[in-house]
Every structure is written in C-alpha cells, then in structure tokens.
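The values are calculated or read from the model by the stated rules, or taken from the named source; none is laboratory data. The model shown is predicted, which means the values in this text are computed figures rather than measured ones. Quick reminder, even Gly has a Cβ in these numbers, built from the backbone with ideal geometry, and neighbours come from all protein chains shown. Surface areas here come from the heavy atoms of the whole protein model, side chains and all, with no ligands, DNA or RNA. Shrake-Rupley method; radii C 1.70, N 1.55, O 1.52, S 1.80 Å.
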Amino acid sequence: VPALTTGKGHAAFGKRRSVQPESEAAEDGAASGERGEGSEHSGEIGAIAEGVEEDADFAPDEMEAGGAAEEASAIQLPSHIQDEILASTQKFTGHVHQTMMQVYGNVNIRIPPVDLEDTEVAQHDPQIVATLSQAVYDWIKIVDNVLAEESSRQYENKYPMAAIDYWRDRSSKVSTVYEQLQLPSVRRVLEVLEASDATVLQLFSESFGQLQMMHMVAKDNVKFLTTLERHFKNLASGSMLTIVETLPSLMNAIRMVWIISRYFNTDGYMEPLMKRIADQICDKVEEQINVNQIFNMDPTKAMAIIKDGQNALEKWHEVYLTTRQRIEDSGTDHRWEFDKLTLFKKSWYMTKICKDLHEIAQVLDQFYNFLGPELKEVTGDSHGIETLMKEVEALKTDFKNMKEIFIQFNASHWETLFTKFKERVTEIEQQAIEFLNRAFQNLRSAEGAFKLLQNFKNIRSREAINKTMAEKFSDILTRYGHEVRQFQEIFRSNKDCPPISKSCPPTAGAIIWARSIFHRAKRPVLSFKTMPHLLQQPEGQFACKEYVELGKEILEYESRQFEAFQVTAVELAVQLLKNNILVYDQKKKEYSVNFAKELQLLIREAKYLDQLGGFELPHTVLNVALQQDKYKQYVEQLESLIDAYNAAVGGLGPVQHKLLHKQIVELDKCLSPGLSPLNWNSLGINDFIEEGKAGIHRFRSYRVSVEKGEERIQSMVTAIEEAVLVRPFDWRRTDVMDHVEFYDFFERYRVQQVEELVKKYEAIGPFLENIEQRTAESKTCMAPSMVEYYHYWERRIFNAITTMLLRGMSAFQTLFSAAERRRPPLLRVKADCNGPDIDDSMQSVFRLISKLLKNTIYSANSFVRWMDGTCLPVPPQQGQDEDQLQLFTFY
C-alpha cells in the first residue's frame, strides 16, 4: 500500500507479489488512514494518479511471458492451502480498493493558488484573506456533505459481513477528506486565517470536529471488526459443522473486541452485531433444512442434517451464555445486558422445529425398519406390508405442503400438523400390531420368524411394535411343531424312492436327502437354544418330542441304506478290478476301455459316504476310492491311446489294408496285453501304454511312407489319363495344308507325347519298389504280399490309357465333324484333269487319315505290361516268326 504514494513505488508494487499475513493485513487496513500524510498538496495527488496510470501498462509482454512460465511450472497445492491463499488474496484486494478510493476519490480539497510563503504579508492582505476564507467555506460544504452522506449510509444486508463493509466504506470515504485536510498546505491556510481572526474558522472547527470524530470511530471499528472477518466468512459460507466449530473462537474474539475497543463496548454497537450473527446462523440452518428435500431422502441421512442444524442453533445460545459468564467473572463493569428475545427468539423457535422434524424422521425410520424385506419374507403378506407403507408415506404429505416452517407466524399451523402426525402414528402402530397378529398365525417359516424377532432386538422400531413382536414366540413354536410333522410326512412318503440329484450316487444320495430333511428341522432348534426358556414352554416341549422322533427315524434309515451298500460293495470291487483294461468288439472291429460303470459308481458312493461322515467303509472299498485319481488317469491315457490307434489305422482302403497287413498285425500285438492278461490291479499298465504309443508311432511312419509313394504314382497315372494325343488345331491359320502336311502335323505331336508318357510309366516301377522295401523289406519288385497291390495299380494304369485313347478319338471326331459348315478348310486336295478323267488322289487322303486314327489307338502299344504278380515289364516274347519278337502291351 505505501508504494502507491509515487509512480516509482507503484512500479515496484506491480512486481512484488507477496501476501501479507492476516494479522498484518488487518493492521494495515485499520491504519490505512495514517499513510497519506506524506502528500504535499492536491497537485501531488494528480501526480500520483498519473504515476498509477503510467504503471498500469507496466511491461505487458513481460507479464504474459511470466504468466506462461508460471502456468508451466505451477505447483498443485492441497485444497485447504488454496482456500487460504484465495482468502488472503481477496483481503489484499480489499485493501488495494480502499487505498484507490482514497487516491481517486471524487472529494478533493482545493487549495487556492496564492503565495503563502510569507505568512506575515499574507495575513495583512485583505484580498488573500478573502480568497482563503472562500476556500475554507468550500471545505466546510464538502465536509458537511460527507457527514450527511455517511449519516444516511445503510447496511447492505442483515448479516455480520455487512457491518464490516459498512465501517470499511465509511472509513475510506471519511479518511479521504480527513487526510486532505491534514496536508501542510491546508495547515498554512488555516494559520493565515487564524492570525487574521477570520470568522470562518469557528464554523470550520465545528465541522472538522465532527469529521474527526467520525474518522476516529470508523477507523477504530474497522481495526477491530477486521479481526472478526474470517469468522464471519465461515458463518456465511461454511457448513453446519464449520459453524459449530467457529462459534467458540468467534465469541472469544468478540469478547476481546468488547474489552479493548473504544466503541464496540456498548450495547448500541454490540447488540446489533450480535443480532446479525444470530440472523446469519438462523438463515443458514433454514437454508440447510429444506422440508421437501428432507422428506425425500433416507431418514437416517435426514436426521443427521436436522441434528447438525439443531446443534448449530443450540451452540449459538450455549457459547453466548458461556462468553457472557466469562465477562461477568472478569469483574468488569461492561457486561452483556442484551435483549435475549432480540437475539434468541427465532433460534429458540427454530430449535423446537428441528426437534420436531428429527422426531418425524425418527418415526419414519422406525417404520421403514419394521416394514423391511425381512418381514415380507417371513410373513409372505406383501399386500398388507405395502398398505402399511402407503400409510407411512402419507405422514409426510402435510409437512411437504407447508412452506416457511421456521417463521413463528406459522407456529399454530405447525402445532396442528404435528399433533395430527402423532395421532396418525398411533393409528398406524395399531394397524401394524393387528397385521402382526394375523401374519404370525400363518407363518411361512418358524426359523425365519424367529430370526426376525431376534433382529428386532437390535432394530430401532416403535416401542409398541417391539413389545408385540416379543409376544410372538409361542406362535413360532406352534408353527415349528407343524413344520416337523410336515417333514416327517415327506420323509415317510418318499423314503422308498427318494428324490436324488443327478450328481449323487443312489445310496449316498438317499442319505443326503434324509439328512437334508433332518437339518431343516434342526436349524430352528439351534436358534431356539439361544433362548432356553422357550423350549420349556408346553409348545416347545411338544415340538422337541416330535423333532427327536423324526431324528430317530432318519438315523435308522441311514443305517439300513449303508448296510445294503456294504453287503455287495467288497465283492463287486474285487470282481470288477479283475476285468482286463481293454476289450475288442469283433463286429465293430474296434478297441475300447473296459472300466466298468459299476466300478465308477462304487467309487463315487465311497467318496460321498466318506465325506458325509458317520460310516466306516470296508478297507477294500476305501482303498479303491482313494485310487480314483490313478484309475481316472489310466482311463484317460488308454482312451487317448485308442484314439491314436483309430487315427493311424482308420481310413485305410482294402488294398492299403492288405498291403500293411503285417504292420497292422504287429500293432495289434502291442495292444494284445490290454485284452489279456493286464487288469486294473496290474502294475504294468504304464509300460503297456508306452509300448502302445511306440507301436502306433512305428505304424504311422509306415503308412506315411506308403502314402507319399502313392501320391507320386497317382500323379503319373493322372498325367497319362489327362494326356492330349491329338494336337490342338488353330482354325485361324491362313495357309491350308495338303494331306501329307496334315498327317505330319498330327503324327509328330502324338509320337512326342507318347514318348514322354512312357517315361513316366516306366518310373512307376521304382516307386513300387520303394514301397516294397518299406513294407516287405525286399527289393524284388515281385513281393508276394504286394501281388494285389500290383494288380490294383495295373488296373488303374489300364483305365488311364483307355481314357487317354477315348479322348484322342473324340478329338478327331470333333475335328472331322460335318456339323460345323462355316469353319475354314481343314486341308487341301490336289486334282489333275485330263479330258474327262479327273485324278483327285482321294484314296491317298483317306489312307493317311485312317492311319492317323489307327496310330492313335496304337499308342497303347508303347506301354509294356507287367508280369503277373510283379511290377516288372514283360520281356519281348517269341512270335510266330522266329525272327520276330512280340511285346506284351496294353494294346
């Protein structure tokens, strides 16, 4: 603030951003009136204004750059520190505003432009005296106007912060004029007029005295009220808890103001301030407790809000009395003798309303607890509960329609509603009791009803309802006796064919079913034992007797079931464990795991019975059950082995099956120990499984090698079958061949194709030899085990050659077809004309075309057949002519 006295100082202020502590800021604000005495005259004030205006534009680029840097390096502070910094900044801004009001105020004391350096000369100059007197008259008018304006100043609102603003604004306004009248130039004017005995000084002294008094009062009040500002802001913006926590420190601070202050130690000043505090607290409570919102929320939450408001109102009265007593105990003459009705009439009334609202919310909460889901589950009368719930909800209607419940003018209306509310509560209580009497005569479950009664011990419900609930234990015992008889009837009617769940074996399932009935009957008894006196009542003794009879019947039933199981269990377990681990189905030609379902059932029975407890299983049966995991692992591994066997052998054709007959026999030998002698008691099952896997792996390698050879042979047979013996003819060619060229065109192509196919045909033999080497372990190309395999491929080759020839003949047929009349000429025929005779060489053309067709059929003669039972070609045979050798071909 002092930096505002010069332009240079203001520039320094613009760079500095520190925040004063709260106490120092309060002192600076209270003493701000003393800091303008360094000014010389009103011209200096103008200079100050110019300096401020110049510095208002101080380094904008630097400020923007600095702001960006600060934003980039901003530190995230906790919320309470941010709030404290914000409050201090707002307070600092208020001080700056007050100082600016003093500097830029529209009330200026004008100094006459006369030379007053020599007061002796000035006091004897009538013209100067007249000028100065006129100036003082103007000052008197300014002072009187300020006094009049401040005397008529009004508070902005009825809350305590308005008092601080009131005195702060008055201090600012009055200090502006007062400090100007304290300037040295003003004093020289007054000295000249005093020396000249000017009459205007008397008027000025009166006005200035009033101004000085107002200045002193405002300055002192601002100084002390500023110490209360933080507490007033807590009242204005804090929660109910904040208000309760603030009141002790606030009243202690007010006590200090009452003791130290020169003006706020009288009823005229302090009582209005107290009234403002009371209004602030009352209005905050009224704002917090909105009737419509309160009755629309959960009663527990509503009671908490109402209780907070009630605590704030009661705390206000309590802290006031405590502070008042401390002032009296201090022995001071200045006591608080304020009008209690003025301060507490509204808060007392609001406290009463809060108590009534809390009682209403408590009643609603008690009814909601009573009419909860537990009661609906036990009684099963959802309609009756909903009817009662509607009656309870209707209790809130009248209060929701009432507005401004905290205004004392509506006190009689409130009392009427509250009385009506109590009457309706009594009626609903009676309806609830009648509902309980009806419901407990037709209970769904004795156990559930007993738990409900137990829970009601800890539930805050209406006293009359709790008392009625406590009387219902005899009804529960009667209901329990009826339930036991129902359980007994269910047991007797279903014990020969009990309902068993899908996952349970027969014997254990029957015992579980019987025990479930017993446990359902037993649970209520365990609950009743928490109140021993119940079972000693006649109803309790009768119910216990029926319960004991049911328990005996169920125990005998369990014993019979277990004895029947025990008779056959040992013999069955020994017999089934002697079964071979595999079995072979001759019809389906497949293996399967021979683990009997009866043995699985026996193991499940043993496990369930052991878990149930109370039964001593035979050693053999128990041992089998304990090895369940081992048997399960064996079964899974054996099933996996059989799946691998089926995958390896499955899909073989008859020819392949005969070809690999030796390997299949060897594979079956690997699995034969599973058919005999291995059983489920054997120790070599793991070795058998490993040997079976190895055998399947060997067989798979044989099959893969055979299938690879077949793929190559098949590719060659397919090449023969799809071969094109007739050269494709281009009908777009421009030159037309004669019959000799035509013959050569097709014949050369056929010969070339046949030569390539013969090479592929001859390569089939080595592949068959490789298959023989892999399967028969020989390379003779005449293995007896492959005779049928040779025949199979020879038939395949014959069919392929036949198909090739038919496609060739079909191609020639299409070539010479007469259906296409518009095609270009196929060949040209040369004819010689000698008179009437024409030599057209048609016989020669016909012979060449016929030869083409015969050669196509004769292509099969290039493929020499195999000797019977081998894949070796038949050697040339002696023909009819001794010099002629004949080939045995597919032709």
What are the principal axis extents of the Cα atoms in the stretch 236-325, in Å, biggest first?
51, 19, 19
Leaving out ligands, DNA and RNA, and with a 1.4 Å probe, what % of the accessible surface on the stretch 641-781 is carbon or sulfur?
51
Grab the Cα-Cα distance for SER844 and LYS578, subtract it from 0.36 nm times how many residues apart they are, and report the gain in nm with one decimal.
86.7 nm
Cut-off under 5 Å, modelled amide H: who pairs with THR889 long-range:
ARG865
So what J values fall out for the stretch 767-779 if you push phi through Karplus, 6.51 cos²θ - 1.76 cosθ + 1.60 with θ = phi - 60°, rounded to Hz, Gly and Pro as x?
5, 5, 5, 5, 5, 4, 4, 7, 9, 9, 6, 8, 10
What FRET efficiency, computed as 1/(1 + (r/R0)^6) with R0 = 30 Å and r the Cβ-Cβ distance, is obtained for LYS552 and ALA596, rounded to the nearest 0.05?
0.20
Over all pairs of distinct alpha carbons, what does the Kirkwood formula give as the hydrodynamic radius of the stretch 314-365, in Å?
13.1
What are the residues whose amide H is under 5 Å from the amide H of GLU590, where those residues sit 5 or more places off or on another chain and H is modelled from the backbone?
ASP585
Once all protein chains are kept in place, TYR634 shows an accessible area at probe 1.4 Å, nearest 10 Å², of 20
Report relative contact order for the stretch 536-669 in percent, whole number only (criteria: Cα-Cα under 8 Å, sequence separation at least 6).
19
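Accessible area, 1.4 Å probe, largest first: how do THR300, THR803 sort? List each step's numbers first, then the result.
Values: THR300 70, THR803 45 Å².
Reading off the accessible areas and sorting them downward yields THR300, THR803.
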Give the peptides 242-250, 595-603 in descending order of average Cβ contacts within 10 Å, highest first.
242-250, 595-603
So what does CYS833 come to for accessible area, using a 1.4 Å probe and Å² rounded to 10?
100
Along the stretch 580-592, what does the Karplus equation 6.51 cos²θ - 1.76 cosθ + 1.60 (θ = phi - 60°) give for ³J(HN,Hα), rounded to whole Hz, x for Gly and Pro?
5, 6, 10, 9, 10, 8, 5, 6, 7, 6, 8, 8, 8
How big is Rg to Rh over the stretch 717-853, alpha-carbon atoms, Rh as the Kirkwood inverse-mean-distance radius?
1.20
If each part is reduced to its alpha-carbon centroid, the stretch 122-189 and the stretch 676-727 end up apart, in Å, by 121
Protein accessible area in the stretch 120-249, 1.4 Å probe - carbon and sulfur %
51
With every protein chain kept in place and a 1.4 Å probe, the stretch 630-773 has an accessible area per residue in Å² of 53
Calculate the length of the line joining the C-alpha centroid of the stretch 210-236 to that of the stretch 611-659, in whole Å.
98
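Stokes-Einstein diffusion coefficient for the stretch 774-833 at 4 °C in a medium of 1.567 mPa s, Rh from the Kirkwood formula over Cα pairs: what value in µm²/s?
Answer from the Stokes-Einstein relation: 79 µm²/s.
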Per residue, the convex hull volume that the Cα atoms of the stretch 621-721 enclose (Å³):
99
Which whole-Hz ³J(HN,Hα) couplings does the stretch 423-434 yield from phi under the Karplus relation 6.51 cos²θ - 1.76 cosθ + 1.60, θ = phi - 60°, glycine and proline marked x?
5, 5, 4, 4, 5, 5, 4, 5, 5, 5, 5, 4
Name the long-range amide H neighbours of ARG828: under 5 Å, sequence gap of 5 or more, or other chain; modelled H, no Pro or chain starts.
MET737, ASP738, HIS739
Whole-Å distance, taken between Cα centres, linking the stretch 730-792 and the stretch 317-360:
125
In whole percent, the fraction of accessible protein surface over the stretch 540-632 that belongs to carbon or sulfur atoms, probe radius 1.4 Å, stands at 50
